[in-house]
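The values are calculated or read from the model by the stated rules, or taken from the named source; none is laboratory data. Because the structure is predicted, anything quoted here is derived from the model rather than measured. Heads up, the Cβs are rebuilt from the backbone with ideal geometry, glycines too, and the neighbour counts pull from every protein chain shown.
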Amino acid sequence: MTESIYTPDVVIVGGGIAGLTVALNLAPRKVCVITKNTLGVNTSSSWAQGGIAASIDKNDSNEDHVTDTLKTAKGLADEDVVRTIVNESSNVIKDLEEIGVQFDKNPDGSFNLGLEGAHSFNRIVRSKGDSSGIEIMRGLIEEVKSAKHLTILENISIDSIMSENNIIYGVIGRLTDKNIPDNHVVIQSPQVVLATGGLGGIYANTTNPRSSYGEGIALAAQAGATLTDMEFVQFHPTGLDFGLDPTPLATEAIRGEGALLVNQNNERFMFEVHPNNELAPRDIIAQNIFKQIEKGNSVFLDCRNKIFKNFKDRFPQVYSYCIKADINPEEELIPIIPVAHYHIGGVKTNLKGQTSIRGLWCCGEVAATHVHGANRLASNSLLESLVFGKIVAKEINSQPLEKERELISPSFIKTYKEKTKNKIMAKKYIWQLRSSMMRNLGIVRNKVSILRGLTEIIKIERESRGLSAKLNDMILVSKFIIIGAFKRMESRGCHLRSDFLESKKEFLKHIDQSQSSLERDIQTILKERNILKKEQSLAS
Ligand code: SIN
């Protein structure tokens with residue numbers, strides 16, 4: 001076994017928009033950025049179709065943007081955090097333009113702003129219609145390449161945060177290249193920033209890349225950090241139902257430009273549900289599409305409207321997915337399904353991006369800043385990543401540089417060698433887990449489905465016996481979602497419980513969890529399951 005050792009001032013795990021923004025703003029501190037793939041490849045950031053929400057239209061205001069965000073969040077957003085991101089929105093767009101990022105403009109030079117669900121104004125700053133992520137990442141990567149303070153370590157998977165007594169020592173990982181076995185990388189650093197993205201990959205239907213399975217949440221939990229809001233998984237209403245995994249997205253901006261949602265009978269079912277029809281909040285649309293599917297209907301995006309004559313240029317990514325599936329979106333209906341898209345919960349952070357562990361920071365989707373509450377307003381997440389990327393960097397920069405610490409690597413290296421074996425065998429269990437989470441903890445949950453979900457995950461855990469680090473992380477993260485969903489005995493935002501359809505005042509709070517509370521919580525739920533089983537057998 002070989003091992004490489006690095007000793008930067010800060011190590012950032014994740015090379016998406018959040019991670020790179022933190023990295024660039026940390027100069028002149030010495031920084032290592034760890035990416036799982038080649039920089040920019042297979043990250044949620046590069047796949048982002050929507051853009052950055054910013055109240056820059058002359059009729060719009062920060063106050064309106066704050067109001068829309070709070071209204072969508074259903075009582076659980078932290079207003080201070082919301083104001084922080086909204087007030088910074090025009091600055092982060094300026095920053096991006098300064099490094100050469102090109103946004104869509106009107107002939108008079110003003111921004112060509114898109115409209116997405118639950119926004120009361122056209123407010124989405126975007127690139128080439130549906131290619132914002134690609135363009136922002138292009139700009140950031142160019143900057144990163146010329147930044148002298150940065151070292152990018154690509155194709156590395158992090159196995160653990162090295163921590164002891166609530167003190168961070170760095171991270172340990174390994175090269176993902178199968179041809180170089182047992183090649184470990186130890187990055188000793190007093191400051192670790194997790195910017196690992198979301199967890200859609202634990203669901204059978206998701207827009208997220210395969211590498212987004214909640215790895216950062218698992219790493220942080222194992223290091224002892226507090227998690228929060230784990231039950232809030234946001235489903236996007238319009239995944240392109242072409243039988244692909246991951247499911248390609250059809251951006252909400254298409255509906256913003258007039259596309260309709262219809263079933264196979266050409267009925268606009270959103271019409272009777274919400275006054276904003278196809279531009280209702282995302283949770284309401286996803287839930288109503290789900291209802292249609294439950295009834296046996298198929299659901300389609302209808303872009304055959306006259307305004308879509310140049311669909312190809314306005315939404316080039318979606319167009320190319322459709323053409324590959326042999327569908328001409330200007331003439332034919334596009335089949336869609338709701339898909340796991342964004343995780344609102346995650347590692348609990350304060351207004352500075354700090355977690356409950358000194359030296360451990362989180363930024364982007366992995367972090368739960370309480371900015372989105374129980375339901376995220378579209379395109380607020382890139383904004384959050386960009387604003388918090390700067391905040392986290394500023395906070396770290398304001399702290400004195402710590403003197404070098406002893407490496408504590410040898411015991412870690414042994415453990416993680418064990419963790420990574422039998423990756424191929426794990427595939428079957430990974431699929432079982434993803435399909436269980438989709439069936440039991442998807443758009444609609446209830447006590448019975450949550451208990452079934454827990455039983456199935458425990459069975460997968462028992463049978464797979466620690467086959468792979470990825471599967472172990474997925475099991476752990478699923479359990480946290482199950483516990484959050486079980487404890488939140490109400491419906492709020494994107495958490496819909498068919499056995500508690502109303503929101504309740506007593507749940508106007510966040511549900512925090514940690515590794516230390518996990519076993520106790522699971523035992524409590526299992527007791528409930530046994531009671532339910534007894535009741536069911538008495539009734540039959
Ligand atoms: C979309 O383009 O519809 C997604 C935007 C987002 O998830 O914020």
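Of the residues making up region 354-375, those that are farther than 15 Å from ALA18 by Cβ and within 16 Å of the ligand (Cβ to nearest atom) are GLY373, ALA374, ASN375. Of the strands (runs of 3 or more DSSP E) lying entirely inside region 114-190, those containing at least 2 residues that are of a type in the set (Val, Ile, Thr) and surrounded by fewer than 21 Cβ atoms within 10 Å (Cβ to Cβ) span 150-153.
Table: residues versus (1) surrounded by fewer than 19 Cβ atoms within 10 Å (Cβ to Cβ); (2) over 17 Å from GLN49 (Cβ atoms); (3) under 24 Å from the mean Cα position of the chain (by Cα).
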| site | (1), (2), (3) |
| --- | --- |
| ARG282 | no, no, yes |
| ALA286 | no, no, yes |
| PHE300 | no, yes, no |
| ASN305 | yes, yes, no |
| LYS312 | yes, no, no |
| GLU331 | yes, yes, no |
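Checked against the criterion of being closer than 24 Å to THR72 by Cβ and either more than 16 Å from the ligand (Cβ to nearest atom) or part of a helix (DSSP H, G or I) (or both), region 238-248 contains not a single residue that satisfies it. Scanning region 258-265 for any residue that is at pLDDT 95 or above, within 14 Å of the ligand (Cβ to nearest atom), more than 20 Å from PHE308 (Cβ to Cβ) and in a loop (DSSP other than H, G, I, E, B) turns up nothing. Within the set GLU294, GLU278, the sole residue that is away from the ligand (no atom under 16 Å from the Cβ), farther than 26 Å from SER385 by Cα and more than 20 Å from the chain's Cα centre (by Cα) turns out to be GLU294.
Residue by residue, here is whether (1) within 16 Å of the ligand (Cβ to nearest atom); (2) of a type in the set (Lys, Arg); (3) modelled with pLDDT of 95 or more holds:
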| residue | (1), (2), (3) |
| --- | --- |
| LEU383 | yes, no, yes |
| VAL392 | no, no, yes |
| LEU401 | no, no, no |
| GLU404 | no, no, no |
| ILE413 | no, no, no |
| TYR416 | no, no, no |
| ILE424 | no, no, no |
| SER436 | no, no, yes |
| THR455 | no, no, yes |
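If you check LEU115, LEU76, LEU150, which single one turns out to be more than 16 Å from the ligand (Cβ to nearest atom), within 24 Å of the chain's Cα centre (by Cα) and hydrophobic (A, V, I, L, M, F, W, C)? Break it down stepwise before answering.
On the way: LEU115 fails: more than 16 Å from the ligand (Cβ to nearest atom); LEU150 fails: within 24 Å of the chain's Cα centre (by Cα).
Unique residue meeting the criteria: LEU76.
Among the residues of region 239-254, the ones that are at pLDDT below 95 and of a type in the set (D, E, K, R) come to 1 in all. Among residues of region 118-147 being aliphatic (A, V, I, L, M) and within 16 Å of the ligand (Cβ to nearest atom), the one that is nearest to ASN375 (Cα to Cα) is ALA118.
Per-residue answers, yes or no, for (1) more than 16 Å from the ligand (Cβ to nearest atom); (2) more than 24 Å from PRO281 (Cβ to Cβ); (3) surrounded by 17 or more Cβ atoms within 10 Å (Cβ to Cβ):
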| residue | (1), (2), (3) |
| --- | --- |
| PRO28 | yes, yes, no |
| ILE34 | yes, yes, yes |
| LEU39 | yes, yes, yes |
| GLN49 | no, no, yes |
| SER55 | no, no, yes |
| THR72 | no, no, yes |
| VAL82 | no, no, yes |
| SER89 | no, no, yes |
| GLU97 | yes, yes, no |
